[in-house]
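Data first, discussion second: the structure below is written as structure tokens.
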Amino acid sequence: AKEGTAHLIEHMIFKGTEDLDSRRINIIAEAHGAELNGFTDKEGTCFYARFPADQINIIVDLMGKILSAPAFTEIELSKEKEVVREEIRAGEEDPETCVLNLLMQALYGSSPLGRPAIGTLDSITSITRDDLVRFYKNYYRAASGVAVAVGEVDHELLLKRLDGLDGWAGEQPPRPSSFPEKPEMLTRTRTDISQVHLCLAVPTFAYGDPRRYALSVLNTLLGGGVSSRLFQRLREEEGLVYSVGSFAELYQETGFFGIYFSAEHQKLPRCIAVLNEEISRLYREKITFEEFERAMVMTRSAVLLGMEAPINRMLRLSRGYLLLNRVQTIEETIAAFNQVTQEDVVQLIDELFAGRHFYGSAVGPIEPLVAKEIIFDKFKGK
């Protein structure tokens, strides 16, 4: 499929059905206090609605009509393609978005994970109505997705309502499972910004791996908060950066653990030296029990506090069902974190940093050869 097809469908899905135009859809939704929206990431698209609980029948019916019979008219497609192109241009001007996109390309090459979900200017221009219809027919089926409801809802009544929806029969096509050869680092030179934005990442494991809990704890203590090692060293002690942190992205079949920071060009050698020192210290000296306990508390708290937002509950349930084929309760999640030991985190540090090779990306006023010399060749990751 052409890059950005799923994202363009996300935009087009609310632009009308065979019986309802976009204006009528919006009028019905707002007349019943509902907000309709959607988003697309690397492995899926989410369409969702927020509304008062007593309006559930009307809004479920409306969403059913929208999803079962999208019109994808040529007129709306032409307009929405230009909207998406503007969205792409905005992302290309944002250095954080650029450096993350480059990192994905460095890690996963030309595979679907390596390509931007939003698409490119050229790919969006080339997408036709036939492309949308074909892609939607193949992938947007009940067998491929999950319906999630969070809030004041009667589960049995909702199931009956969903069972009555038309147009959602079909099988899920096979997914690509192999990745091509990958470059190790990518640089995009930009002279319109003053800082160099940098990402470094090491491959990990898929979302279903039980080590993901230990990885969350490691992420917290290395770069996930203001008491983390990288924040304390690079920002608080050395004053080299404003933004620094670590992050983990886990998918159905793969994943990675990454580090991000931005700094002025002349500070990069010192930043990389400090980063090397901290990763080496982490690998050699491991972690203290005090660090481990603090990171455990912070990680569990982040999970619990995140559940205060209904949309986070919705995303957690849908992601778990799609990637694990089961619903994991918040109690089960906390219990899994409680099983993580200091030794689990130490073992994970050994697995990630002992002889593992980091991939990287850089965006800013720096040439590729210079980036290779002062960043990628200097950073050893162990």
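Of Lys79, Lys65, Lys160, the sequence from fewest to most neighbouring Cβ atoms within 10 angstrom is Lys160, Lys79, Lys65. Of all aspartates and glutamates in the structure, those lying under 20 Å Cα to Cα from Lys160, and not within fewer than 8 positions of it along the same chain, are Asp54, Asp61, Glu152. Panel order for Asp94, Asp19, by other beta carbons found within 10 Å of each beta carbon, from fewest to most: Asp19, Asp94.
State, as an integer percentage, the relative contact order of the stretch 4-75 based on alpha-carbon contacts under 8 Å between residues 6 or more apart. Relative contact order comes out at 41 percent. With contacts taken as Cα pairs under 8 Å and at least 6 residues apart, the chain reaches a relative contact order of 20 percent.
Taking θ as phi - 60° and the Karplus parameters 6.51, -1.76 and 1.60, the scalar couplings of the stretch 247-256 work out to 7, 10, 10, 10, 10, 5, 10, 7, x, 7 Hz in sequence order, x denoting glycine and proline. Whole-Hz Karplus values for the stretch 59-73 come out as 6, 4, 4, 5, 4, x, 5, 4, 7, 8, 9, x, 7, 6, 5 Hz, taken residue by residue from phi with 6.51 cos²θ - 1.76 cosθ + 1.60 and θ = phi - 60°; glycine and proline positions read x. Charging the Cβ of each Asp and Glu at -1 and of each Lys and Arg at +1, and nothing else, the dipole of the chain about its Cα centre rounds to 640 debye. Placing unit charges on the Cβ atoms only, positive for Lys and Arg and negative for Asp and Glu, gives the stretch 5-163 a dipole magnitude near 420 debye about its Cα centre.
Karplus-derived 3J(HN,Hα) values for the stretch 306-318, using 6.51 cos²θ - 1.76 cosθ + 1.60 with θ = phi - 60°, are x, 6, 6, 9, x, 5, 5, 5, 4, 5, 5, 5, 5 Hz; glycine and proline are entered as x. With a Förster radius of 25 Å applied to the C-beta separation of Thr125 and Thr191, the computed FRET efficiency comes to 0.40.
In the stretch 186-231 the Cα-Cα distances spread across 10 Å bins starting at 0 as 21, 34, 30, 14, 1 percent of all pairs. Our compactness index for the stretch 185-376, the C-alpha radius of gyration over the empirical 2.2 N^0.38 Å, is 1.09. Here the label points at Val83 and Glu35, each 7 Å from Cα along the C-beta direction, are separated by 1.7 nm in the simple model. Taking amide H positions as modeled 1.01 Å from N, with prolines and chain starts lacking one, the residues under 5 Å from Tyr48 and 5 or more places away or on another chain are Asn37, Gly38.
The residues Arg313, Arg326, Arg24, when put in order of fewest to most other Cβ atoms within 10 Å, stand as Arg326, Arg24, Arg313.
For the residue pairs Lys81/Lys137; Lys42/Lys79; Lys81/Lys372, the C-alpha atoms sit more than 31 angstrom apart in Lys81/Lys372. Counted over the stretch 5-163 with a bin width of 10 Å, the fraction of Cα pairs per bin, in whole percents, is 9, 35, 33, 18, 4. Only alpha carbons enter this Debye calculation for the stretch 283-382, each as an equal point scatterer, and the log10 of I(q)/I(0) it gives at q = 0.12, 0.15 Å⁻¹ is -0.68, -0.89.
Structural descriptor for the stretch 61-162: relative contact order 28 percent, calculated from alpha carbon pairs under 8 angstrom and at least 6 residues apart.
About the centre of its Cα atoms, the stretch 185-376 shows a dipole size close to 340 debye [charges on the beta carbon of Lys, Arg (+1) and Asp, Glu (-1) only; nearest 20 debye]. With the largest listed first and rounded to whole Å, the semi-axes of the equivalent ellipsoid of the stretch 232-304 from the Cα gyration tensor are 24, 17, 14. Under 16 Å of direct C-alpha separation, and excluding same-chain neighbours fewer than eight residues apart, Lys15 reaches these aspartates and glutamates: Glu30, Glu35, Glu74, Glu76, Glu80, Glu82. Kirkwood Rh over Cα pairs of the chain into Stokes-Einstein at 25 °C, 0.890 mPa s: D in µm²/s? Translational D for this selection: 107 µm²/s.
Bear in mind that the values in this text are calculations on the coordinates, not laboratory data. Keep in mind that what you see is a predicted model, and the values were worked out from it rather than measured. For neighbour counting, all protein chains shown are included, and Cβ atoms are generated from backbone atoms with ideal geometry for every residue, glycine included.
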